[in-house]
Amino acid sequence: MIRKVSAPALVVAFFFFVGIAFAATAGNRPAPPPSANDALLPALSSIAGHGMLDIHAYPELEDLSDDVGARVTGSPQCNAAIQWGLDTMKKIGLQNVHAEPWQIFRGWTRISADAEIISPAPHKLMVDSMGWVGSTPAGGVDADLVTVNVYNLQQEEEQNSSNWRGKVIMAVQQGPRPENGMAAFAQFGPFLKKAHDAGAVAVIGGQGGGKSQGMHLTHTGALGFNTYYDIPVVSIAAEDQEILERLIAHGKTVRLHINVQNKVTDAPANTANVVGEIPGTEHPEQIIVVGGHLDSWDLAEGSTDDGVGVATTLGAAEAIIRSGFRPLRTIRFVLFTGEEEGLLGSLAYVKTHKADMPNHVAAVILDNGQGPVTALNMGGRDDLVPAASQFASTLDAFGTITANDNTEFGTDAGPFILAGLPGINLDQDSPEYRYTHHSPVDTFDKVDEAILDRDATVQALVAFWIADRPERLASPWPPEKSAEMLVRKHDDVFLKLFGLWPFGNQGGQP
Ligand SMILES: [Zn+2]
């Protein structure tokens with residue numbers, strides 16, 4: 001399907017070209033000093049133009065959303081998405097298109113989740129199961145409700161776990177929020193194990209024990225990295241949680257009926273990352289990874305998480321191919337699976353290509369929703385921030401884009417950071433993403449075509465700039481240097497809690 005380019009896209013493209021024209025022919029004024037990017041300008045201009053005028057990211061996202069649909073890793077739908085990715089990459093004209101198989105430790109399927117207040121007053125509750133969790137007995141159970149403060153789980157376990165047998169436990173937030181959010185997230189998993197061991201029948205709480213965002217919305221999601229929890233856990237709409245919290249606050253005994261049914265496999269399930277390339281002309285062995293994640297949750301169709309990143313990755317490839325310019329180094333486009341269960345596809349990629357990691361230069365990942373790119377998070381590589389900032393400033397026709405050395409472990413940039421590379425997270429201004437991601441409203445209508453094309457173009461430009469600059473941008477840092485950086489940024493805390501710390505005792509204390 002081919003769609004007309006929308007008016008806002010044309011306007012942005014127009015300003016972009018006008019900007020270049022002024023830079024190139026500034027009349028009688030003295031010419032600006034040559035910038036490091038001047039040699040790349042013809043290629044970047046052409047890629048920018050094709051990106052804004054000549055790609056199919058939006059209709060591809062519509063196909064992926066409506067025709068392929070939800071794509072839980074290891075499911076038949078995700079396997080269909082893998083085939084869709086291979087077919088689309090070939091259609092665009094990428095080379096060496098192939099699937100790189102890996103296995104997820106368990107397959108998981110949602111069947112149903114229902115809950116209601118029995119007393120004091122009957123009320124149907126809006127709940128959905130979290131991912132990779134267990135089931136109640138068939139037909140569900142009746143149980144009284146107790147709460148735990150997720151900001152103080154250790155004390156709750158010590159003082160109250162003897163009272164959890166036969167109860168539904170609801171996670172609440174009381175007191176000051178802990179400073180390290182990822183560390184707090186990491187502590188919720190061990191709590192779920194203790195709750196199960198203590199005989200609780202179910203837990204109400206989102207990722208990290210968090211509360212739902214938005215009106216009458218649930219947010220599913222995994223509760224750990226590469227982990228299955230036997231206890232059923234549900235996300236509940238914020239309004240319903242408020243009702244339960246008010247009843248508890250007034251000292252009422254709250255009795256619920258809850259019925260959660262899921263299916264989990266005994267054996268690992270097969271899945272794969274989807275890979276295609278634009279080979280480099282001079283240094284084909286040097287690789288810049290560009291990607292997003294193909295897998296999604298299943299309450300809707302995964303359009304913003306991360307259908308957008310899939311579409312921009314494919315759109316970036318199309319923009320570069322149609323420009324006719326070819327980079328000095330290889331750009332490898334990768335659609336990862338298993339991101340939602342703990343960055344499993346990108347971890348598998350780094351493991352598969354371990355021997356070839358010294359030839360990798362960077363990874364450019366887009367997975368922050370439907371908004372415009374605003375920053376290049378350089379994954380702790382502060383040595384690259386000046387060059388990245390200088391380049392980002394040339395993209396001002398696309399809005400303000402800056403660069404910093406922030407690390408992002410909430411998406412597939414993370415494993416590349418652990419490998420010592422600039423795992424670049426394209427940060428985005430996506431205020432509605434906190435409602436759409438993992439929820440029943442993550443649908444295609446939430447995505448704006450002009451912003452999608454713009455983000456695909458920015459991703460293409462960043463990738464090509466890295467792949468085609470005369471000097472190699474980066475080589476992997478030695479492990480001790482990465483470890484030291486991550487300890488300094490306090491990222492080591494949750495990485496150790498999740499079992500993701502590959503550096504042993506390196507890095508010292510902050
Ligand atoms: Zn995502």
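The values are calculated or read from the model by the stated rules, or taken from the named source; none is laboratory data. From a predicted model like this one, the values you see are computed outputs, not experimental measurements. Here the Cβ positions follow ideal geometry from the backbone for every residue, glycine too, while neighbour counts run over all protein chains shown.
Points worth noting:
- Filter pass, D383 being modelled with pLDDT of 95 or more and more than 28 Å from A483 (Cβ to Cβ): no
- A count restricted to region 402-418 and to residues that are touching a residue at least 40 places away in the same chain (Cβ under 8 Å) and more than 16 Å from the ligand (Cβ to nearest atom) stands at 3.
- Every pair of residues 6+ apart whose Cβ atoms lie under 8 Å, when the first sits in region 169-188 and is under 15 Å from R246 (Cα atoms) and buried (at least 20 other Cβ atoms within 10 Å of the Cβ) while the second is at pLDDT 90 or above and of a type in the set (D, E): M170/E245
- Candidates R326, R322 - the one that is more than 16 Å from the ligand (Cβ to nearest atom) and assigned to a helix (DSSP H, G or I): R322
- Note on region 352-376: among residues that are assigned to a helix (DSSP H, G or I) and free of Cβ contacts under 8 Å to residues at least 60 places away in the same chain, the one that is farthest from the ligand (Cβ to nearest atom) is A355.
- Considered as a group, the residues in region 377-401 that are hydroxyl-bearing (S, T, Y) and part of a loop (DSSP other than H, G, I, E, B) include one that is nearest to the ligand (Cβ to nearest atom), and that residue is T400.
- Count of region 96-121 residues which are under 30 Å from Q83 (Cα atoms) and assigned to a strand (DSSP E or B): 14
- In region 246-318, counting only strands (runs of 3 or more DSSP E) that sit wholly within it, the ones holding 3 or more residues that are crowded, with 20+ Cβ neighbours inside 10 Å and either within 16 Å of the ligand (Cβ to nearest atom) or β-branched (V, I, T) (or both) span 269-278, 283-293.
- Every condition in (1) surrounded by 19 or more Cβ atoms within 10 Å (Cβ to Cβ); (2) in a loop (DSSP other than H, G, I, E, B); (3) away from the ligand (no atom under 16 Å from the Cβ) is met by N505 except one, and the failing one is (1).
- Subset of region 51-87 [touching a Phe, Trp or Tyr at 6+ places or on another chain (Cβ under 6 Å) and among the polar types (S, T, N, Q)]: S65
- Those helices (runs of 4 or more DSSP H) of region 41-92 in which 1 or more residues are in contact (Cβ under 8 Å) with a residue 60 or more places away in the chain and over 20 Å from S303 (Cβ atoms) occupy 41-53, 76-92.
- In region 336-351, the qualifying residues are those that are crowded, with 16+ Cβ neighbours inside 10 Å and within 19 Å of P479 (Cβ to Cβ), and the one that is farthest from the ligand (Cβ to nearest atom) is V350.
- Sole residue being outside the structural domain of F336 (by TED's automatic domain parsing) and among the acidic types (D, E), chosen from D405, D491: D491
- Residue within region 335-350 that is free of Cβ contacts under 8 Å to residues at least 60 places away in the same chain, over 22 Å from S45 (Cβ atoms) and assigned by TED's automatic domain parsing to the domain that holds H50 present: no
- Test: residue in region 444-460 that is farther than 25 Å from G206 by Cα, outside the structural domain of H219 (by TED's automatic domain parsing) and assigned to a loop (DSSP other than H, G, I, E, B): yes
- Any chance T147 is surrounded by 15 or more Cβ atoms within 10 Å (Cβ to Cβ), assigned to a loop (DSSP other than H, G, I, E, B) and assigned by TED's automatic domain parsing to the domain that holds H219: no
- Residue count for region 445-483 under the criterion of being touching a Ser or Thr at 6+ places or on another chain (Cβ under 7 Å) and more than 16 Å from the ligand (Cβ to nearest atom): the result is 3.
- Looking only at region 419-436, and only at residues there that are within 15 Å of the ligand (Cβ to nearest atom) and crowded, with 24+ Cβ neighbours inside 10 Å, the one that is farthest from D298 (Cα to Cα): G423
- Qualifying positions in region 189-241 - surrounded by fewer than 22 Cβ atoms within 10 Å (Cβ to Cβ), in a loop (DSSP other than H, G, I, E, B), over 18 Å from the mean Cα position of the chain (by Cα) and not aliphatic (A, V, I, L, M): G199, K211, G214, H216, Y228, D230
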